[in-house]
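No value in this document is a laboratory result; all are computed from the given coordinates. The model shown is predicted, which means the values in this text are computed figures rather than measured ones. Here the Cβ is made from the backbone with ideal geometry for all residues, glycine too, and neighbour counts use every protein chain on show.
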Amino acid sequence: MPKRTDMKKRIKKYSSLALFAIAALIVMAFVLNRKTHYTKHSRNGVWKVEYGLPEAFTPLDAAAAKPDNKGLLNLSNAELPIEIGDVEVIHRDGKTYLRFPLERGEQIYGLGLNFKKVNQRETIRDLRMDIYHGRDDGRTHAPVPFFVSSRGYGVLINSARKLEVYCGTTQLLDSPEAPEERDRTTDKDWQAHPYSDCMEILVPSEGVDVYFFSGKDAGEVVQRYNLFCGGGTLPARWGLGFWHRVPLPFTDKQVLGEIDEFQKRGFPISVVGLEPGWQSNSYPCTYDWDKNRFPNPKQFLDELSKRGLKANLWMNGYVSKKSSIYGSLRPFFADHTVWCGGVPDYSMPQVRKIFIDAFKKNHLDLGVGGYKLDENDGNDRWLYPDTTVFPSEISGEQFRQTHAVFMARMINDLYSRENKRTYGLVRGANAGVSSYPFAVYSDYTNHADILTALVNSSFIGILWTPEACNARNADEWSKRIQAVAWSPLAMLNAWSSGKKPWSFAEAADSVKAAFDLRARLVPYLYNAFWRYHKEGVPPVRAMVLEKSFTDLLSDGNAKLSEEYRKLAQDVKDQWMFGDDILVAPMLGGQASRKVLLPKGKWFDFYTGKYAGQAEVVNADFAANGSRIPVYVRDGALVPMLASSDKDCRKLVVRHYGNKSGKLSLYDDDGETLEYKDGKFILLPLSVEVSEDGKKEGKVGAGAKKLFNYDSVEFEFMTK
Ligand code: GAL
């Protein structure tokens, strides 16, 4: 028999073993239950939380963006206005339910690229990569699972799945803010859509990584998101002029003839877009020049270059058997075809390398400036189904959500490796792409809606172009061209309409003025892109990302009219262009419109005349010289080229209003990546207004090192 002391020892030993086992069981139960979550705190205002068992593949993996940590640290150290613990997480049925609290009056922006509204509260979205069908239901070209709250925080659900989002539409049984039950028959206050105090997101996987972004306001949240995604893109400078896409079957001679006609008529363009006809086969694609339409691509591209233009090549991702790279890509195809073409697995580095090698040799080395990456967003009938099997084992669902991201990344790599910059188009996007030089576009042409999409693009780290394809009449044509001139990528897309800028004779002058203006605005816009790159501020911004606008609304300003407050609830038809310009587009048939001017004085862009402050102003198209209303902040400096001539090297710095102002103007070689090694200048420009109203412009040291200008002059717009 063991001794009493031995027994005691044994009991002690076994009980500690038992305790250990119980503890281990608890931990295991926790893990198996997948209810754990783990927060990584960060110094830079971004928190990563792993809920349950996140999936191996995410949109951020597809984009492979590296955070700009230096840039992030330059932002304020604002705290999150919500407790991460207040987000309720449930794991059920192999899925993850996320519930975020919503406050009364809180507005939510983003949640994919939407076309109808800016404030997404009280909406339901099924975020799914797709072409836009005219309804804001979540099926869109950029289903970015990111939202920004007016409280000053943002959230990225880093999932490449189709997500269901109920943004302020649902009611929980035990909610402290549960709306009161009412009787439909007798109570006139009964509501079909009772108040909701939460946003719920259904993620169809056993766990997910969620990123929280803080900010002192919605604007800083967006900056933080963009910097986290690598900082905004700084595209090739030539990409900021006007673009023209020629009709689908055009030959080299027709393209050059068309450009000569542009130049003869004085319409400045910097990029010509070739549509499918440049390839020997399209839908599916060969990516090889067509020998009849483009017998000598090098000579053709040299001719373009002589005229000061770059070529942009259309393509989609589906490979023809006739393509010179079909054989090498064959082992990497998915098990479905699209338009009878093979679907390479663009997530595989081997695939991207085959494209990069061929594109370098056949396009880039000959002088091609970039690509239009089409048909990667899908339309259920024109894409592989979710049942598709890809060699990388990324599911069809996840591949579709990120296909466009992989293609944009591939083209970005192609140019970066050659120390070159590009600017192009892509018809789809997802999270993590802020640093990619592409603007998203659509075949959907409703003018009001594509302008709202422009406003909404500013929340989700993408650029958007409301391209002008066609119009019913001269008035609409002029307004479409004018609006796109104030966007990140100004383009006439005549691939099917065959339209020229002068196609509507009555509008030819105002269209020409818009082309000229765009060419002249390149210095200002390039500077805005520099801020996008360095500070994450989008070059085109929604009004709710503009401080002088949000401050005005939150000031408790008693003088602010009821009308202003009402219109301010969902500003979807005006935007900020760069730091200091406010653009208010107009639609065909619209003779006048209301514009919300933020805090501070605003001046007419064209005349320099005082326009108003903190008020709703009425702008008349005809009285404004057939120009859409554009305003400039008091004291702002707007650097422009003296003329739209492609060889112009004279900078004219416009000054607006009566306040002193200054600006650091960014400039570099415009084409290489050497700015990353410090090869750029920030030219100090200032205008001082003395007490007696005299204005004096000054150029600080560094003027001699200018890359793109020989001389600088000031123009005082406000007399
Ligand atoms: C569409 C695209 C158009 C044009 C056309 C050519 O899908 O959105 O802009 O490129 O393809 O086939």
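Across region 680-704, what is the number of residues that are over 19 Å from VAL522 (Cβ atoms), of a type outside the set (Gly, Ala, Ser) and in contact with a strand residue (DSSP E or B) (Cβ under 8 Å, 6 or more places away or on another chain)?
Within region 680-704, the first condition is being over 19 Å from VAL522 (Cβ atoms), and the residues that meet it are 684, 686-698, 700-702, 704.
Subset that is of a type outside the set (Gly, Ala, Ser): 684, 687-689, 691-692, 694-696, 698, 704.
From what is left, the residues that are in contact with a strand residue (DSSP E or B) (Cβ under 8 Å, 6 or more places away or on another chain) are 684, 687-689, 695-696, 698.
Qualifying residue count for the region: 7.
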So, SER496, is that one within 16 Å of the ligand (Cβ to nearest atom) and in contact (Cβ under 8 Å) with a residue 60 or more places away in the chain or not? yes
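Name the one entry in ASN412, ASN430 that is in contact with a Pro (Cβ under 9 Å, 6 or more places away or on another chain) and without any contact (Cβ under 8 Å) to a residue 40 or more places away in the chain. Spell out how you get there, then give the answer.
Details: ASN430 fails: without any contact (Cβ under 8 Å) to a residue 40 or more places away in the chain.
Residue meeting the stated conditions: ASN412.
So which residues in region 433-452 are in a helix (DSSP H, G or I) and in contact with a Pro (Cβ under 7 Å, 6 or more places away or on another chain)?
ILE450, LEU451
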Just a yes or no: is a residue in region 219-226 more than 16 Å from the ligand (Cβ to nearest atom) and assigned to a strand (DSSP E or B)? no
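To keep it simple, each residue is scored yes or no on (1) part of a helix (DSSP H, G or I); (2) within 14 Å of the ligand (Cβ to nearest atom); (3) within 17 Å of ARG128 (Cα to Cα).
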{"position": "ASP357", "(1), (2), (3)": "yes, no, no"}
{"position": "LYS361", "(1), (2), (3)": "yes, no, no"}
{"position": "TYR371", "(1), (2), (3)": "no, yes, no"}
{"position": "ASN376", "(1), (2), (3)": "no, yes, yes"}
{"position": "THR387", "(1), (2), (3)": "no, no, yes"}
{"position": "GLU393", "(1), (2), (3)": "no, no, no"}
{"position": "PHE399", "(1), (2), (3)": "yes, no, yes"}
{"position": "ALA404", "(1), (2), (3)": "yes, yes, yes"}
Tell me whether region 260-274 contains one or more residues that are surrounded by fewer than 23 Cβ atoms within 10 Å (Cβ to Cβ), within 16 Å of the ligand (Cβ to nearest atom), among the β-branched types (Val, Ile, Thr) and touching a residue at least 24 places away in the same chain (Cβ under 8 Å). yes
Hits in region 655-668 (condition: more than 28 Å from the chain's Cα centre (by Cα) and touching a residue at least 60 places away in the same chain (Cβ under 8 Å)): HIS655, TYR656, GLY657, ASN658
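So that you can scan it fast, the table gives a plain yes or no per residue for (1) under 19 Å from the mean Cα position of the chain (by Cα); (2) closer than 16 Å to TYR225 by Cβ; (3) part of a loop (DSSP other than H, G, I, E, B):
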{"position": "PHE115", "(1), (2), (3)": "yes, no, yes"}
{"position": "ILE124", "(1), (2), (3)": "no, no, no"}
{"position": "ILE131", "(1), (2), (3)": "yes, no, yes"}
{"position": "VAL144", "(1), (2), (3)": "yes, yes, yes"}
{"position": "LEU156", "(1), (2), (3)": "yes, yes, no"}
{"position": "ASP174", "(1), (2), (3)": "no, no, yes"}
{"position": "PRO179", "(1), (2), (3)": "no, no, yes"}
{"position": "ASP183", "(1), (2), (3)": "no, no, yes"}
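Mind checking which residues of region 629-642 are under 29 Å from the mean Cα position of the chain (by Cα) and either farther than 30 Å from ALA591 by Cβ or of a type in the set (Asp, Glu) (or both)?
Looking only at region 629-642, we keep the residues that are under 29 Å from the mean Cα position of the chain (by Cα), and these are 629-641.
Selection gives ASP634, GLY635, LEU637, PRO639, LEU641.
Among the residues of region 365-386 satisfying the criterion of being surrounded by fewer than 20 Cβ atoms within 10 Å (Cβ to Cβ) and in contact (Cβ under 8 Å) with a residue 12 or more places away in the chain, which is nearest to TYR423 (Cα to Cα)?
Residue satisfying both the conditions and the ranking: GLY367.
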Go over the candidates TRP238, TRP243 one by one and state the one that is within 16 Å of the ligand (Cβ to nearest atom) and closer than 30 Å to LYS676 by Cα. TRP243
